[in-house]
Amino acid sequence: MTSRMFLLFLFSILFISFVKSQEEKEVYKPELMDVQGMVDLEDKGPSAGFIVVESGECSVTCGNGVKMEKRCFVDTSGETSDCQKVMSPCSISVPCQLMTFQRKPGDEFAVDCMTEEEVKEQGEVNIYWKHAKGIITTDARVFRPLKLRSSILTFPSLQVENTGTYRCDAQRKADGLLAKQVYFGLKVINPEVFDLEFRKYVRNKKFLEDVPALETEDTEKVSPQPVNKLLIIVATGIGTGLLVGIVIWLLLLFLCRAKPQQPDLV
């Protein structure tokens, strides 16, 4: 029995050793020819390439725009050469604010999304207008394209249906970058309707202001009622008590007088 246990233990050791040797054979050990093109970071020397040495301000104060950058080639010794100025995209995390306008039906209205200075600075641009009908918003999902390629949006005679938000996207022709994005909110309100609404508002406001006064008057009128009821109850109780007392006193007096006298015995 002891010899069998010893043989079993020896066989287990040999089997484990064999499995470990097989695992070591399967481990990939790269040779020198396999590491061609790999760079040792400790032995890495200075590299050359283009870097940005100057950067201008973004062309917009909100949303997406472009900025001027100066890029130069820097060699391994740190010397710069072949510098050139290029336009690169930029983005401002601040959301674009709305410029809102309120007009009456029949008024003339015009807005320009590109100033003369911006045209000179950005060069030729493609203009794309979009419209969110009936609402004032900056949500891109509700805008629909307009067939207008001019930077100026003009309405010779406004109508209530023209109410909404108009977005202008200016795209540079040279590189296709978005140079500017601006929103215009337009409210066309009929003064007659506005006057009626204002009068309705005034009436409602006056009514609401009068309600507390009415409630106060009603409270003042109603508040004495509990006191009056209490006085009536007390007076009624006292009168009833006196009346009952008088009746009892008269009844006793009558009984005393009606009592017969007994005859004297001789």
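Every number in this text was worked out from the coordinates using simple rules, so none of it is lab data. As the structure is a computational prediction, the values presented were derived from the model and not from experiment. Here the Cβ positions follow ideal geometry from the backbone for every residue, glycine too, while neighbour counts run over all protein chains shown.
Anisotropy class assigned to segment 96-189 is prolate, per the alpha carbon gyration tensor with a/c at or over the 1.5 cut-off and a/b larger than b/c.
If you count Lys pairs in segment 96-189 whose Cα atoms are under 26 Å apart, skipping same-chain pairs closer than 8 places in sequence, the total is 18.
3J(HN,Hα) along segment 109-125, derived from phi through the Karplus expression 6.51 cos²θ - 1.76 cosθ + 1.60 where θ = phi - 60°, amounts to 9, 8, 9, 10, 8, 10, 7, 4, 5, 5, 5, 5, 6, 8, x, 6, 9 Hz, with x in place of Gly and Pro.
Simple spin-label estimate for Val142 and Val119 gives 3.2 nm between the two label positions (7 Å along the Cα-to-Cβ direction from each Cα). Per-peptide packing, taken as the mean over residues of other Cβ atoms within 10 Å, places 168-179, 112-123 in the sequence 168-179, 112-123 from highest down. Under a point spin-label approximation (7 Å from Cα along Cα-to-Cβ), what is the Leu251-Lys133 distance to one decimal in nm? Roughly 9.5 nm, to one decimal.
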